[in-house]
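See structure below.
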Amino acid sequence: MKKVFDLFFKKHKASEVRKSDFAFVFFLRCLAVLVILIFASLIYYLWDGSSAILKHSGWGFFLGREWDPNSDQFGALPFIYGTLLTSVVALVIAAPIAISAAILLTEIAVQKIAKPFGFLIEMLAAIPSVVYGLWGIFVLAPFVRDYIQPFLGKYFSFLPFFKGPPFGIGIFTAGLILAIMILPTITAVCREVFLAIPTSLREGVLALGSTRWEMIKTAVVEAGFSGILAAIALGFGRAMGETMAVTMLIGNRPDISLSLFSPGATMASVIANESPEATSNLHVSSLAAIGFALFLVSLGVSGLARLITKITKRRFAK
Amino acid sequence: MSSQPILSFQKVHAYYGEKHTVKGVSFDVQANEVVAIIGPSGCGKSTLLRCANRLHEEDPTARVEGSILLNGVDIFQNHADPVVVRQKVGMVFQKPTAFSGLSIWENVVAGRLLKGEKKAGLKEKAEHALKQASLWEEVKDKLNAPGLSLSGGQQQRLCIARALAVNPTAILMDEPTSALDPISAARIEELISELQKIITIVIVTHNLQQAARISDKTAFMNFGELIEFNSTSKLFTNPESKLTESYITGHFG
Ligand SMILES: Nc1ncnc2c1ncn2[C@@H]1O[C@H](COP(=O)(O)OP(=O)(O)OP(=O)(O)O)[C@@H](O)[C@H]1O
Ligand SMILES: [Mg+2]
């Protein structure tokens, strides 16, 4: 933080900054002030906005299971639960695929195939969230309802996750769309991590007479393990904050149910859904508090991802 | 009197894409010989060496022609498995690379751990290889310390022990001392002369004195071609080629 501050605001010696650069430096400083102001105002708003509900129900707000604005019942647990559950479903589906894709891209595929394949995955990231939502409602959800959920229900109904009638719309489908959306993020970061692993390590392992798979297992996956964790954390962060497509597909019911087939709601979706029509003071404040929590957790997760990446990079630099 | 060579390079050509980097190199390496490959930077020494354990092919653009016989069998034969070739022909690189996350003794038997062998039975193997690489005395009290905690010279001997632990027929070394201080380099040279009793070694080096000190035969390459292959004493005192002479006397180019 201090470094950033110094960078922008420390008095530069005249010799350091050429006259022609003054305008540019001034512009940068204004920009920096603006960013800091926005950030401060955001935190102040969230904090100030949350204060009413936190005064009303204390920290118990985050553990309350009932959410019914009409009878002034505000408990945030169903949304925290929904956010975690959809994100975990998304990770369970996306992480293995993304890691395999990154291995394929860096270690196996012939350049001719790898390039277009990488491009296709990157393209997934360019599709707007609301378009995913539309496609989800009209294509993915019916498909899940007619094929995937009946299948899971038939063969895995001994697990509590796959019980209940197939609606299509619900936690499972929301998690599935999230998986598609975070796939490019995790793949891209894993790819970076694998590319940063020195060739000498791969060759050192191969030269001992290991097969390609043994090499990939030790010199790529194990050596890049912390980087893979960072990629997953980053994907987790994205999944938690993702709003539009999830709101369109999750069903928006503040329930806590073990079954992935049932509808639910997330922290992001309840804010998007209810803030336009929230009128009571407590209702508005509850949404701000949920927003605050989401903000802090996302910040924490992306901070964690950065930290892991930093440590990994330092290790390879040696 | 010349028995079957351990390694026989026969008209080896190597390419990176269109780039022809090794141009029809042929020479034989007999059992328990140390053969040095010398030549100016970029002349294809490393490429030639990497052909002999099929590491060259790991580059997606790479291609090899000709044949290299290992104990009389072509390593490029249709059904030859690069994995098996690499177990018989070990390699030591310029930069010592102890594997991070593995202890000293685990590093030595990394080749076997990779194959899924249980750690329990491997301690003796590690000790044996460390003794062969004359590193045992220095590390016997800290076998469980991380491999990366060793000095550069020790790590290079660790790499040699690691190569030996796979029980290869020959070991290729690509400038094994160029990243080391003179004393560590001297220790590696001693070690090479010691190892010669049990194994065959092909070494690339930029250090002509080193080649003269430790090798029995020397190959001089230039622009991908083998200019001269001779006994080291002959090549350094009375070379057949003018080009060799100007290279070893430093009047090259
Ligand atoms: N991966 C690669 N792709 C394309 N060309 C390469 C590659 N590696 C090496 N070359 C080229 O092949 C030629 C031979 O390289 P090589 O590394 O075998 O030379 P060298 O004799 O070992 O040189 P040095 O003494 O500097 O190590 C060089 O011109 C080099 O630029
Ligand atoms: Mg080289």
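The values are calculated or read from the model by the stated rules, or taken from the named source; none is laboratory data. Here the structure is a predicted model, which means the values were calculated and not measured. In this analysis, Cβ positions are derived from the backbone assuming ideal geometry, glycine residues included, and neighbour counts consider all displayed protein chains. Side chains are part of the model used for accessible areas, which takes the heavy atoms of the whole protein and leaves out ligands, DNA and RNA. Shrake-Rupley method; radii C 1.70, N 1.55, O 1.52, S 1.80 Å.
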**Q.** Inter-label distance for B:Thr249 and B:Ala179, nm, one decimal - labels placed 7 Å from Cα along Cα-to-Cβ
**A.** 3.6 nm
Q: Using a 1.4 angstrom probe on heavy atoms only, work out the carbon and sulfur share of the accessible area of region B:158-253 in %.
A: 52 percent
Q.
Leaving ligands and nucleic acids out of the surface, order A:Cys30, B:Cys159 by accessible area at 1.4 Å, largest first.
A. A:Cys30, B:Cys159
Q.
What does the structure give for B:96-104 when I average, per residue, the other chain Cβ atoms found within 10 Å of the residue Cβ?
A. 3
Q. If eta is 1.567 mPa s and T is 4 °C, what Stokes-Einstein diffusion coefficient results for region B:53-184, Kirkwood Rh from Cα pairs, in µm²/s?
A. 82 µm²/s
Q) Are there residues in region A:201-236 whose accessible area shrinks by at least 40 Å² when all protein chains are included rather than the chain by itself, and which are they (probe 1.4 Å, ligands and nucleic acids not counted)? A) A:Glu203, A:Leu206, A:Ala207, A:Leu208, A:Gly209, A:Glu214
Q: Work out the length of the dipole vector of the protein assembly as shown about its Cα centre, built from +1 on the beta-carbon of each Lys and Arg and -1 on the beta-carbon of each Asp and Glu, and round it to the nearest 20 debye.
A: 660 debye
Q | Cβ-based net charge around A:Glu66, under 11 Å, with every Lys or Arg adding one and every Asp or Glu removing one | A | -2
Q. To the nearest Å, what is the center-to-center distance of region A:133-212 and region B:213-247, using C-alpha atoms only?
A. 59 Å
Q: For A:Lys310, list the aspartates and glutamates whose Cα falls under 18 Å from its own Cα; do not include residues on the same chain fewer than 8 positions away.
A: A:Glu192, A:Glu222
(Q) For Cα pairs less than 8 Å apart in space and 6+ apart in sequence, what is the mean separation divided by the residue count of region B:177-253, i.e. the relative contact order in percent? (A) 18 percent
(Q) Taking each pair of distinct Cα atoms in chain B once, what is the resulting Kirkwood hydrodynamic radius in Å? (A) 18.7 Å
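Hey, what's the protein assembly as shown come to in accessible area per residue, 1.4 Å probe, Å²?
50 Å²
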Q) What number, in percent, do you get for the relative contact order of region A:69-317 if the mean sequence gap of Cα pairs under 8 Å and at least 6 apart is divided by its residue count? A) 31 percent
Q) Calculated from DSSP H runs of 4 or more alone, at -39500 (n - 2.57) each and per residue, what is the 222 nm mean residue ellipticity of chain B, nearest 500? A) -9000 deg cm²/dmol
Q. What's the center-to-center distance, using Cα atoms, between region B:121-172 and region B:15-80 in Å?
A. 27 Å
Q) Per the 1.4 Å probe, what fraction of the accessible area of chain A, in percent, lies on carbon and sulfur atoms? A) 71 percent
Q) If exposed chymotrypsin sites (Phe, Trp or Tyr not before Pro) are those in a DSSP loop with at most 15 other Cβ within 10 Å, what is the longest stretch of chain B that has none? A) B:1-222
Q. Considering only B:Val35, B:Ala129, B:Tyr247, whose Cα is most displaced toward the positive end of the charge dipole of chain B, charges sitting on Cβ of Lys, Arg (+1) and Asp, Glu (-1)?
A. B:Ala129
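Under a Cβ-only charge scheme (Lys and Arg +1, Asp and Glu -1), can you give me the dipole magnitude of region A:69-317 about the Cα centre, in debye to the nearest 20?
Working: 16 positive and 12 negative charges, 150 e Å.
It comes to approximately 720 debye.
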Q) For the pair B and A, how large is the buried accessible area, both sides, in square angstrom to the nearest 100, if the probe is 1.4 Å? A) 1500 Å²
Q) What pairs from B:Lys11/B:Lys95; B:Lys88/B:Lys131; B:Lys45/B:Lys118 go past 32 Å between their alpha carbons? A) B:Lys45/B:Lys118
(Q) For a quick check of understanding: with a 1.4 angstrom probe and all protein chains in place, what accessible area in square angstrom does B:Cys43 have, to the nearest ten? (A) 0 Å²
Q: Report Rg (one decimal) and Dmax (nearest whole number) for region A:69-317, counting Cα atoms only, units Å.
A: 20.4, 70
**Q.** Computed over region B:109-191: relative contact order in percent, which uses C-alpha pairs under 8 Å that are six or more apart
**A.** 35 percent
Q: Quick one: grab Rg to one decimal and Dmax as a whole number for the protein assembly as shown, Cα atoms only, in Å.
A: 31.9, 103
(Q) Strictly greater than 23 Å: what percent of every Cα pair in region B:126-253 meets that? (A) 40 percent
Q: With a 1.4 Å probe and every protein chain kept in, tell me what percent of the accessible surface of region B:28-144 is carbon plus sulfur.
A: 48 percent
